[in-house]
Amino acid sequence: MNSPGSFYLPAASSTMAPEVDALLQFIVVASSILFAIVVFGSFYFAVRYRRRKGSTFTDGKDHNVRLEIVWTVIPSILAFIVFFWGFNSYLKMNIAPANAIEVKTTAQKWFWQFTYANGAGSTNELVVPVGVPVKLLMSSKDVIHSFYVPNFRMKMDVLPNRYSLTWFEATQTGEYDLFCTEFCGTGHSSMLGKIKVVSDTEFRDFLNAGSALGTGQAPEAFGADLYKSKACFTCHTTDGTPGTGPTFKGVFSRSEAMSDGSTQLVDENYIRESILNPQAKIVSGFQPVMPTYQGIINNTEIDALVAYLKSLNTGQ
Ligand code: CUA
């Protein structure tokens, strides 16, 4: 069940939360100890060596190498611990497990829109199964927003012209608050949502209901239509043979050699860039002849094309 948490922190309800809390605890305790030493030390020495009647300045010791090494090395070690601990957690938060389910998250003034792989959708309420990693592929339709769920200790900016990725795995069922934490205009403070963590069966029911409501085509089916209607097929095949441009078969998450000698991982952002600004990076062996689709294609359509390209990898 959903435990209320404490005055200090909200309940920890994701797999990452205990790790984030442990690091916070470490920083708080280490800082408190250092604070106490510096502040009480200053007071003690100020009193102990105050100027007394008849006291004279002496040419006493003003330097102690051993002491200086100690108070340099110990805080440095603490800083290194905090850095590597934090960096390690940061990497874990940014790399979603392979079995994660993906939810397309779109922010706009002033609500959240969630789209699932089967085309089901919801507004301001992200329904997820408990104990399953959930990857959020996020973008904004207007300004910068930020996706913040205190119970999961997760926060990620949502940007208008590129995807940002994050993931979480909820450890207990219940409802959790979702806030926007980037000032995005007059409606910012009411840009609130809920994360509803449910059992596996409830989640499946939700998905089925969502697609039965006819919230739209599944994104990869829509993408397959766009592949034809936007004439992608004239240059890009889906059977592995190179055309004027590289084939789409197996292209997603492939490392491509570029004409400038660099290597590029084909991910969501690379596909987006290749559609809107095709001359930016050219795959080695091809000519820079693709026209830009800027103004011809919208974000929903780009999402659908990304989903379609992904589906070509699973061989359907
Ligand atoms: Cu969206 Cu603040």
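Quick note: the coordinates plus some simple rules give every number you see, no bench work behind them. Keep in mind the model is a prediction, meaning the values are calculated, not measured. A quick note on method: Cβ atoms are made from the backbone with ideal geometry, for glycine too, and the neighbour counts reach across all protein chains shown.
Projecting the Cα atoms of N118, L34, M93 onto the charge dipole of region 1-133 (Cβ charges, centred on the Cα centre) puts L34 farthest toward the positive pole.
For the pair K53 and L67, label points projected 7 Å from Cα toward Cβ lie 2.9 nm apart.
When you filter the GluC sites (Glu not before Pro) in region 50-136 for DSSP loop state and at most 12 other Cβ atoms inside 10 Å of their Cβ, nothing is left. Once the Cβ-Cβ distance of K92 and F233 is raised to the sixth power relative to R0 = 25 Å, the FRET efficiency obtained is 0.05.
Basic side chains Lys and Arg get +1 at the Cβ, acidic Asp and Glu get -1 at the Cβ, and with that the dipole of region 219-311 about its Cα centre reaches some 160 debye. Share of pairwise Cα-Cα distances greater than 36 Å in the chain is 38 percent (whole percent).
Seen against the Cα atoms of the chain and their longest principal axis, helix 17-48 is set at about 20 degrees. Helical runs (DSSP H, four residues minimum) scored at -39500 (n - 2.57) apiece and divided by the length of the chain put the mean residue ellipticity at 222 nm at -12000 deg cm²/dmol. Of the chymotrypsin sites (Phe, Trp or Tyr not before Pro) in region 40-117, the ones in a loop by DSSP (not H, G, I, E or B) with at most 10 other beta carbons within 10 Å are Y49, F57.
Computed from Cα positions, the angle between helix 65-94 and the longest principal axis of the chain comes to roughly 20 degrees.
Once the Cα atoms are used to define both axes, helix 219-229 deviates from the longest principal axis of the chain by about 50 degrees. Around the Cα centre of region 101-209, unit charges on the Cβ atoms of Lys, Arg, Asp and Glu (plus for the first two, minus for the last two) sum to a dipole of about 260 debye.
Look at the dipole of the chain built from charges on Cβ: of S255, V132, L9, the Cα furthest out on the positive end belongs to L9. Pairs exceeding a 21 Å alpha-carbon distance, out of K92/K141; K109/K194; K104/K310; K104/K281; K228/K310; K230/K310: K92/K141; K104/K281.
Once backbone amide H atoms are built at 1.01 Å from N, W112 has N124 as its partners under 5 Å, excluding neighbours fewer than 5 places away on the same chain. Centroid-to-centroid, using Cα positions, region 294-316 and region 197-275 are 4 Å apart.
Magnitude of the charge dipole for the chain, about its Cα centre and with charges confined to Cβ atoms of Lys, Arg (+1) and Asp, Glu (-1), is about 1260 debye.
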